1. If each of residue 33 and residue 55 carries a label point 7 Å out from its Cα toward its Cβ, how far apart are those two points in nm?
2. State, to one decimal in nm, how far the label point of residue 2 lies from the label point of residue 23, with both points 7 Å from Cα in the Cβ direction.
Amino acid sequence: MSAPTQTPPHPATRSGADSRLPWWALALPALLFTALLVLILNPSDAHATTGDPVVTHLFERLRQLTAR
């Protein structure tokens, strides 16, 4: 009497899954790293903004409204 043999399961296939990164996943961090490195090497090019920024006024107004 022969016993039935089980066949091993098929390996999972990647249907539609792409393992490659998009071009910007490497380009953007490299670009940002280069820009920060240039700012560190030549800090005279980094200028602070002058005057009161709009964001500061917005946060101050929100703080005042929530304090009431």
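Derivation of every value follows stated rules applied to the coordinates shown; laboratory data play no part. Just so it is clear, the model here is predicted, and its values are computed rather than measured. Note that we place each Cβ from the backbone using ideal geometry, even for glycine, and neighbour counts take in every protein chain shown.
1. According to this spin-label approximation, the distance is 2.5 nm.
2. Each label point is offset 7 Å from its Cα along the Cβ direction, giving 5.8 nm.
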